[in-house]
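A.B. asks: Here it is, the structure, as C-alpha cells.
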Amino acid sequence: MLGCLADHCSGMCRAPAIGILFLSLFFSVLSNTSNACSNGSCQVLEACSAPTDCGAGLYCGDCPALGKTQPSCIRGQATIPNSIINGLPFNKYSWVVTHNSFSIVDAPSLPGVQRLTFFNQEDTVTNQLRNGVRGLMLDMYDFGNDIWLCHSFRGQCFNFTAFQPAIDTLKEVEAFLGENPTEIVTIIIEDYVHTPKGLTKLFTNAGLDKYWFPVSKMPKRGEDWPTVTEMVQDNHRLLVFTSVASKEADEGIAYQWKYMVENESGDPGVVRGSCPKRKESKPLNSKSASLFFQNYFPTYPVQAEACKEHSTPLAEMVGTCYKAAGNLMPNFLAVNFYMRSDGGGVFDAVDRMNGQTLCGCSTVTACQAGAPFGSCKNVAVPNTTPVTNNEGGFTGSVQFSRSSSTFHSPSCLIIFFFYFPLMAFL
C-alpha cells in the first residue's frame, strides 16, 4: 500500500493504519497467550487467570497489600518434612500451626444469633490438616452444658462468640489420623474448662484416646523426644497440651510450658527485631524444654494484610526468634490465614527451617535421605517477578470456606474472585 504524503490524505490512511495496529496487537496477544502456562502447568509466582492454571498444591491469588494486584500461583500446601528425612526425634522438626484453627470465616453461628468476634482462618480444620497443618490452637470453654470452641470476654464464652462444640472439631482430627496412619498432630488448648475430667471425657468421646501421647513419656528436662518413627509405631500420634498446670496431674494432659518455650503472641510477637518470651514461658534459650513454639500473628487479624505479613517480615522474625532461643529453630510456627502470601509464605518459611535443622540445606526439599549433613541437591528457585497479567482478583484451587465466583466483563472473559469481608471484634 502507498503511503499518504499529503495532509489531505491523512484521514483516508487512518483507518487502514488502525486496522494494521489492531491485527498486530491481536497476534501479539495470541502469541503471548499460547506461550503462557495453563491447565495446571503454572508454578509458584507464574501468572494465572483461573484456579485450574496452577499446579498441585498451588492456588491463584494476589497480594494488593504489597502492591501485587496481578494474580500468580501461590503455595497452599506444606511439605511434610518426615516424608523426606524420617526417623529423627520429634523436636528436630518444624510444623505449620493455625492460630484459632476453629475461628473460620463463614462458620455458621447459633440460630438467631449474630456472631461478633474475630476470624482467623478460612477453611475447615479437615482441610487445614490436608494442606499440611500439623498443629491446632483451640480455645475451649464450658458452654451450654458442653465444651465449646469459642472466643471470649474475661474467660467466659457467649452465644455471640461461640463457634461449635469442641467434639465436632476433634472428630475431624480423629478422622484425619485414621485416614493417615503416619501423621502426627499437636493440639494446644487455651483452657477455660472447669468441668471435672471434662477434657478427658471430651477426647475419649471423640475417639482420640487411642492416639494419645502419654505424659509419662514426654521429656521433662530438655532431652530429645522419641523419634517420629517410634511415635508412629506406638500409635502415639496426638500430642495435647493445656494452659492449666493442674490438669497434668488431674487428667494426664501435659502442661504446655513445662515442655516448651514460647514467645509472646499478638502484636508483641511481630515487632521487627524483637522476640520476647510469653510471661508463662521459661526464657526462650532455656535448655530445660526441648520444644519451641513461635507465635507470629497480630492482635487484630486482617485477612487482606496476611499476605504481606507472610512475606519478608515472617522470614526476618523467624531469624530473630531463632537467635533469641539460642540458635534453636522453632518447632511450631503459628499464624492466621495460613494460606495467604505473596508466593511461598508460611510454607516456604517452614521448608527453610526444616532444611537448616534436618540436613543443613537452604530448604527441606534439597535434603537427601541417607546423605551426610550438608549434602544438598539442586532445587529450582522460583522466579520472583511474576509475568504481567491483565486479569485481577483472587482465586483458589486449594479449598477455602467460600467458593469462587465469576464475573463477566466485556474487556476480559472471566475474572475469578473471593469476597472476604473485614471482620471486627465489637
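The values are calculated or read from the model by the stated rules, or taken from the named source; none is laboratory data. Note that the structure is a prediction, hence the values are computed from the model and not measured. All Cβ positions, even for glycine, are placed from backbone atoms using ideal geometry, and neighbour counts span all protein chains on display. Please note that ligands, DNA and RNA were not included when accessible areas were found on the heavy atoms of the full protein model with its side chains. Shrake-Rupley method; radii C 1.70, N 1.55, O 1.52, S 1.80 Å.
A.B. asks: Measuring from a point 7 Å past the Cα of Ser152 along Cα-to-C-beta, which residues in segment 230-253 have an amide N at less than 15 Å?
C.D. replies: The answer is 242-247, whose backbone nitrogens lie closer than 15 Å to the label point.
A.B. asks: To the nearest 20 Debye, how big is the dipole of segment 212-255 about its Cα centre, given +1 on the beta carbon of each Lys and Arg and -1 on that of each Asp and Glu? Please report the intermediate quantities before stating the final value.
C.D. replies: Details: 5 positive and 7 negative charges, 11 e Å.
Dipole size: approximately 60 debye.
A.B. asks: If you don't mind, another one. Net charge within 12 Å of Phe337 by Cβ-Cβ distance, Lys/Arg positive one each and Asp/Glu negative one each, not counting Phe337 itself? Provide the component values of the computation, followed by the final result.
C.D. replies: Details: positive: Lys308, Arg340; negative: Glu122, Asp123, Glu305, Glu309.
Taking every Cβ under 12 Å from that of Phe337, the sum is -2.
A.B. asks: Hey, another quick one. Enter the accessible area per residue of segment 220-291 (Å², integer; probe 1.4 Å; all protein chains in place). Before the final figure, lay out each step's value.
C.D. replies: Numbers: 3190 Å² over 72 residues.
Value returned for segment 220-291: 44 Å² of accessible area per residue.
A.B. asks: With a point put 7 Å past each Cα toward its Cβ, work out how far Asn39 is from Lys201 in nm, to one decimal.
C.D. replies: 5.8 nm
A.B. asks: Which percentage, to the nearest 5, of the DSSP beta bridges contained in segment 122-212 is antiparallel?
C.D. replies: Percent antiparallel among DSSP bridges in segment 122-212 is about 55.
A.B. asks: Still on this model: Going down the list Lys210/Lys277; Lys287/Lys308; Lys68/Lys277; Lys277/Lys323, which pairs span over 24 Å between their C-alpha atoms?
C.D. replies: Working: Lys210/Lys277 34 Å; Lys287/Lys308 34 Å; Lys68/Lys277 34 Å; Lys277/Lys323 13 Å.
Going by Cα-Cα distance, Lys210/Lys277; Lys287/Lys308; Lys68/Lys277 fall outside the 24 Å limit.
A.B. asks: Using only Cα positions of segment 167-250, each an equal point scatterer, no hydration layer, compute I(q)/I(0) via Debye at q = 0.15 Å⁻¹ and quote the log10 values to two decimals.
C.D. replies: Ignoring solvent entirely, the Cα scatterers give -0.57.
A.B. asks: What order, most packed first, do the peptides 318-325, 153-160 have when packing is the mean number of other Cβ atoms within 10 Å of each residue?
C.D. replies: Working: 318-325: 18.4, 153-160: 13.2.
Per-residue Cβ counts within 10 Å, averaged per peptide and sorted highest first, yield 318-325, 153-160.
A.B. asks: Could you work out how far apart the two model spin labels at Asp267 and Ala249 are, taking each label as a point 7 Å from the Cα in the direction of the beta carbon, and quote it in nm?
C.D. replies: The answer from the label model is 3.9 nm.
A.B. asks: Would you work out if segment 24-168 is rounded, prolate or oblate? Take a ≥ b ≥ c from the square roots of the eigenvalues of the alpha-carbon gyration tensor; rounded if a/c is under 1.5, else prolate when a/b is larger than b/c, oblate otherwise.
C.D. replies: On the way: a/c = 3.37, a/b = 1.70, b/c = 1.98.
Since a/c reaches 1.5 but b/c is at least a/b, the shape of segment 24-168 is classed as oblate.
A.B. asks: Rounded to the nearest percent, how much of the accessible area of segment 38-176 (1.4 Å probe, protein heavy atoms only) is carbon and sulfur? Please list the in-between numbers first.
C.D. replies: Values: 2470 of 4910 Å².
Of the solvent-accessible surface of segment 38-176, carbon and sulfur hold 50 percent.
A.B. asks: Report the local net charge at Ser311: Lys and Arg +1, Asp and Glu -1, summed over other residues whose C-beta lies under 14 Å from its C-beta.
C.D. replies: On the way: positive: Lys68, Arg75, Arg272, Lys308, Arg340, Arg352; negative: Asp62, Glu305, Glu309, Glu316, Asp342, Asp348.
The answer is 0.
A.B. asks: Would you work out if segment 167-311 is rounded, prolate or oblate? Take a ≥ b ≥ c from the square roots of the eigenvalues of the alpha-carbon gyration tensor; rounded if a/c is under 1.5, else prolate when a/b is larger than b/c, oblate otherwise. Write out the running numbers ahead of the final one.
C.D. replies: Numbers: a/c = 1.57, a/b = 1.38, b/c = 1.14.
In terms of gyration-tensor shape, prolate.
A.B. asks: Set the Förster distance to 41 Å, then compute FRET efficiency between Gln164 and Thr227 from the Cβ-Cβ distance, nearest 0.05. Walk me through the numbers before you get to the answer.
C.D. replies: Numbers: r = 35 Å, r/R0 = 0.85.
Step by step, r from the Cβ atoms, then E = 0.70.
A.B. asks: What does the charge add up to near Cys37, with Lys and Arg as +1, Asp and Glu as -1, over the other residues with Cβ less than 12 Å from its Cβ?
C.D. replies: On the way: positive: none; negative: Glu46, Asp53.
Here the count lands on -2.
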